[in-house]
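One structure is given below, encoded as structure tokens.
Please treat every number below as a calculation from the coordinates, not as lab data. Just so it is clear, the model here is predicted, and its values are computed rather than measured. Methodologically, a virtual Cβ is constructed for each residue, glycine included, from the backbone with ideal geometry; neighbour enumeration extends over all protein chains shown.
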Amino acid sequence: MNRSERRRNEKKSTSGSSKLSARPLRASMPAPSVEIQQLIAAGKQHHSSGNLSKALEVYKHILAIDPKQPTALYLAGIALHQAGQHAKAIECLQGSLSIFPDNPEAYNNLGVVFNTTGNTAAAEECYRRAIALKPEYAAAYKNLGALLASADKLDAGLECYRKTVSLAPNHAEGLKAIGEILIKQQKYDQALESFLKARAISPTDADILTSTGIALQYLSRHQEALKLHSQAVNFQPDNDRHWDAFRDCVAGMSFSSTSDGLEQSLLALLDKQDMSPASLMFPIISALRHRGEFSRLLDNADKAIVEDFPIQDDIKSLSQITLFMRLMTKVPVADLRIERLLTNLRRALLSRACCGEHNDQEINFISVLAQQCFINEYAYAVDAKEQEHLKNLKQKVEGLFAQGKTASKDLWLLIACYEPLNTMPWKSQIPQTKDNDEGAAVYRLQITEPETEKTLRKSIPQIADIEDATSQNVRAQYEENPYPRWIHTSHLIPKPVKDVLCAPPLSFKLDDYTAPENSETLVAGCGTGQHAIQAASRFANTKVTAVDLSLGSLSYALRKTREAGIKNLEYIQGDILKLDKIGKQFDMIECGGVLHHMADPLAGWKVLVGLLREGGLMKIGLYSEKGRPDIIAARKFIEQGGYGSSAAEMRRCRQDIVAAAEKGDPQLIQLCMRGDFYSLSPCRDLIFHVQEHRFTIPEIATALDKLGLEFLGFETPTPQTLIQFRKENPNCPESLQLDRWCRFEERFPDTFRGMYQFWCRKPGR
């Protein structure tokens, strides 16, 4: 089963109104003949065993004998719906009701079919007629509740579900649905209570476990939530919803201990191909720090490494920590002590290369280290002695290939720990590697994929020449350092935009918003495609156009998009200032982390507003003045030190910043706690950028007013931030939200440490 099929099945399995009842019609109907009774019994037997075609064959035979046989019409309607023949199902069910109009089950099932076809008004009428005929009909109340809740009539839906549970106290699905509505209403304690009741009835129901875990997360009870999410993914390992909830829970945690069970769960999560490892990196490190052997290695990371340092034991110990080894192949590991340990081990391995070949375990470690160094773009410091050793090693390998000999794998892998293989003149002479070979991943990462990107960049169209001086400088930066380099990103279950924005934690008020059936989305400034891919998979029925200045970034993005099999996403090279030449408008525009790099952010923002249809939605990301004191301090440090932006200069600057932080500089200590500090492209984007503006919330308010945009709300790094804000500002009018957020940020200046990310809307239809 492929991913899209799995998601469709998950959607069906969680749809509260998709179940049909195949109960026989009421006994008050005239009894059919013995022959018809026997045929009905045979059809129902086929039906219950899942043989729909055979069941339908029997029902059609009955109707050939008696076209107005109500039971056969009723059962055929159910089977036809299950077979996806909804129009015929409606015809049969209506036919049954025309003969026997007092059948509540038939009305309920007809409502289900109408709901499936999108005729919610007819479905609601059917459910209500079923309830009128049978006031204690729990299933009809449940279906009506699901319909009303999906139409954002939460109070009415809640009332129906509560009626369901009052009629059927052990109705776990109804209790779960009550909890889901209470979550939407931000009544987390009450939601948890309902989920716990549902769990008591169905303790192994994975959906209930996940929902209970989510409620616990909103209440900041992460440890309890983690246990439930772990159970859910064990019960249903192919269900993306459970894994997504598990990831979201882990991403907000810092572990105070570790265990084999925890590490296995984190490893399983990390190995999910559609999960973003960046969100898991800090929690994983926090867990590993409590592993005895790993902690010992970190404690010894500061010791001087000499050429004859016995590294075999350290490498053996690290190689046995599977979670750490896998983490190194997925994401830049952002930890000073780990960086120091790996820098020392790399130096020692290089010095030993002159003394003979490395053993198999060391070769495997070198391969993993080469992947990590490539991913972090060779951020680790290199001293003069290392440079000399590296020069000699490169000459040795080049000489061997020139003589027609093969350089041993450990030698070229070790070079790959310092410089990318695709820059080596002898790259074509590296022997082809098998998929399970230690060098295979390195070869793919450092040779195959960059070569693919070179080819792909020729296929990317350009809107217009990039003429603005600041745009040219920014493009040059990202051509040298495409940002960010990533391996995997999360792919989300597609949902209608209104379902995403109106659901917790955002819970925006969009009662008057009607999304187009098929929408156009623009991602302005897509970089290496991570966000564009998420946008393409986050919203249902949308086509995404992603634009960026840098062909290097776009070719990376295009390669990753093709690898992911995403079809609703296209890339274009262009400047935001020239996007009016794109020739179309959009229903939604996302522009995160881009406008503040323009000479005049408001000018770029104005262009985007012009491309947005009336009533359209826009997500903007801007740096916060209050959230970046460490960045301001770092940029001052760079200016005073006269550092350049070459790779060597960035490495030198990083080491000097670390030294200043270790002497107690509070802002530089904070800087060293940012993940972007540990890879060259993100580091350049973070503190070396050629152009940077920072904003305050009053400035955002002024810009929104000038541009004629309605503020909808912030996306905060954690749901708890939104919960706290709403708790302090209950029933806050939309007109006062920005003012209240300004006060909130004054109290909690780290709230927007990353950047402001907020949604707004263009007035209109």
For this session: Give the whole-number value, in cubic angstrom per residue, of the convex hull volume spanned by the C-alpha atoms of the range 133-292.
Result: 115 Å³
Seminar exercise, completed: So for the range 89-157, using the alpha carbon gyration tensor with a ≥ b ≥ c as root eigenvalues (a/c under 1.5 gives rounded; past that, a/b versus b/c decides prolate or oblate), I'd call it oblate
For this session: Give me Asp152, Asp410, Asp271 ranked fewest to most by other Cβ atoms within 10 Å of their Cβ, as a rough exposure proxy.
Result: Asp271, Asp152, Asp410
For this session: Express the relative contact order of the range 115-265 as a whole percentage, based on alpha carbon pairs under 8 Å and six or more residues apart in sequence.
Result: 12 percent
Exercise. Which residues' amide hydrogens lie under 5 Å from the amide hydrogen of Ser519, considering only partners 5 or more residues apart or on another chain, with H built in the peptide plane?
Worked result: Thr542, Lys543
For this session: Report the trypsin sites (Lys or Arg not before Pro) located in the range 345-408 that are in a DSSP loop and have at most 14 other Cβ atoms inside 10 Å of their Cβ, or state none.
Result: Lys405
Exercise. Can you give me the Cα centroid spacing of the range 642-656 and the range 135-165 in angstrom?
Worked result: 62 Å
Problem set entry | Share of alpha-carbon pairs per 10 Å distance bin for the range 627-765, given as whole % | 10, 35, 27, 20, 8, 1
Exercise. Rounded to the nearest 20 Debye, what is the dipole magnitude of the range 188-251 about its Cα centre when Lys and Arg each give +1 and Asp and Glu each give -1 at the C-beta?
Worked result: 160 debye
Seminar exercise, completed: Semi-axes a, b, c in Å (a largest) for the range 629-687, each sqrt of 5 times a Cα gyration tensor eigenvalue, come to 16, 13, 10
Problem set entry | Nearest-ten-degree value, helix 120-133 long axis tilted from longest Cα axis of the chain | 50 degrees
For this session: With 22 Å as the limit, write out which pairs from Lys543/Lys762; Lys567/Lys606; Lys498/Lys706 have Cα-Cα distances beyond it, or answer none.
Result: Lys567/Lys606; Lys498/Lys706
For this session: Would you list which aspartates and glutamates come within 13 Å of Lys44, measuring only between C-alpha atoms, while excluding same-chain residues fewer than 8 positions from it?
Result: Glu57
Problem set entry | Size of the range 578-694 as Cα extents on the principal axes (Å, biggest first) | 54, 26, 21
Exercise. Just going by the charge dipole of the range 639-720, with Lys and Arg at +1 and Asp and Glu at -1 on Cβ, which of Phe695, Ser646, Met673 is farthest out on the positive end?
Worked result: Ser646
Exercise. What lysines could a cross-link reach from Lys134, if we take a straight Cα to Cα line under 16 Å and drop same-chain neighbours fewer than 8 places away?
Worked result: Lys142, Lys163
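Within the range 426-481, which trypsin sites (Lys or Arg not before Pro) sit in a loop by DSSP and count at most 10 neighbouring Cβ atoms inside 10 Å?
Here the sparse-neighbourhood loop sites are Lys434.
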For this session: Please turn the phi angles of the range 683-691 into ³J(HN,Hα) values with the Karplus equation 6.51 cos²θ - 1.76 cosθ + 1.60 (θ = phi - 60°), one per residue in order, whole Hz, x for glycine and proline.
Result: 5, 5, 4, 6, 10, 10, 4, 6, 8
Problem set entry | Helix 336-352 axis, angle to the chain major axis (alpha carbon atoms, nearest 10°) | 50 degrees
Exercise. Hey, what does the equivalent ellipsoid look like for the range 685-758, semi-axes from the Cα gyration tensor as sqrt of 5 times each eigenvalue, largest first, whole Å?
Worked result: 22, 17, 10
Exercise. Whats the longest run of the chain with zero GluC sites (Glu not before Pro) that are DSSP loop and have at most 10 other Cβ atoms within 10 Å?
Worked result: 1-466
Problem set entry | Electrostatic dipole magnitude of the chain [Cβ: Lys, Arg +1; Asp, Glu -1; Cα centre; debye, to 20] | 1360 debye
Seminar exercise, completed: Hydrodynamic calc, the range 3-236: Kirkwood Rh from Cα pairs, then Stokes-Einstein at 4 °C with viscosity 1.567 mPa s, so D in µm² s⁻¹ is 68 µm²/s
For this session: Give me the net charge of Tyr141's neighbourhood, meaning all other residues with Cβ under 11 Å from the Cβ of Tyr141; Lys, Arg count +1, Asp, Glu -1.
Result: +3
Problem set entry | Relative contact order, percent, the chain [alpha-carbon distance under 8 Å, six or more residues apart] | 8 percent
For this session: Tabulate in residue order the Karplus-calculated ³J(HN,Hα) for the range 696-711, using 6.51 cos²θ - 1.76 cosθ + 1.60 with θ = phi - 60°, rounded to whole Hz; enter x for Gly and Pro.
Result: 10, 5, x, 5, 5, 4, 5, 5, 4, 5, 4, 8, x, 10, 8, 6
Exercise. Relative contact order of the range 28-146: what whole-number percent is it, with Cα pairs under 8 angstrom and at least 6 residues apart?
Worked result: 15 percent
For this session: Just check the range 498-609 against the gyration tensor rule for me: Cα atoms, a ≥ b ≥ c as the square roots of the eigenvalues, rounded for a/c under 1.5, and otherwise prolate or oblate depending on whether a/b exceeds b/c.
Result: oblate
Problem set entry | Angle between the chain longest axis and helix 647-662 axis [Cα atoms, degrees, rounded to 10] | 80 degrees
Exercise. Taking the range 451-541, how much of its Cα-Cα pair set, in percent, is spaced more than 15 angstrom apart?
Worked result: 74 percent
Exercise. Where in the range 405-431 does the label zone of Glu451 land, with the point 7 angstrom along Cα→C-beta and an amide N cut-off under 15 Å?
Worked result: 421-431
Problem set entry | For Lys495, residues with placed amide H under 5 Å, excluding near neighbours | Phe539, Ala540
Problem set entry | log10 of Debye I(q)/I(0), alpha-carbon scatterers only, for the range 367-422 at 0.14, 0.26, 0.27 Å⁻¹ | -0.38, -1.08, -1.13
Exercise. In deg cm²/dmol and to the nearest 500, what is the mean residue ellipticity at 222 nm of the chain if only DSSP H runs of at least 4 residues count, each as -39500 (n - 2.57), divided by the residue total?
Worked result: -17500 deg cm²/dmol
Exercise. Between the range 703-729 and the range 318-374, what is the C-alpha centre distance in whole Å?
Worked result: 43 Å
Problem set entry | DSSP bridge orientation in the chain - percent antiparallel, rounded to nearest 5 | 30 percent
For this session: Please list, in chain and number order, the residues 5+ apart from Phe695 or on another chain whose amide H is under 5 Å from its amide H, with Hs placed from the backbone.
Result: Tyr623, Ser624, Glu625
Seminar exercise, completed: HN-Hα couplings for the range 262-271 via Karplus (6.51, -1.76, 1.60; θ = phi - 60°), in whole Hz with x for Gly/Pro, come out as 5, 5, 5, 5, 5, 5, 4, 5, 5, 7
Seminar exercise, completed: Going through Lys394/Lys427; Lys88/Lys176; Lys227/Lys619 one by one, the pairs whose alpha carbons sit over 23 Å apart turn out to be Lys88/Lys176; Lys227/Lys619
Exercise. For Gly118, what is the net charge nearby, where nearby means another residue's Cβ is under 13 Å from its Cβ and Lys, Arg count +1, Asp, Glu -1?
Worked result: -2
Exercise. What ranking of His596, His358 emerges when the number of other C-beta atoms within 10 Å of each C-beta is taken as an exposure proxy, fewest first?
Worked result: His596, His358
Problem set entry | Rounded, prolate or oblate (a/c below 1.5 giving rounded, otherwise prolate when a/b exceeds b/c) for the range 291-455 by Cα gyration tensor | prolate
Problem set entry | Estimated inter-spin distance, Asn568 and Asp189, nm [label 7 Å along Cα→Cβ] | 4.0 nm
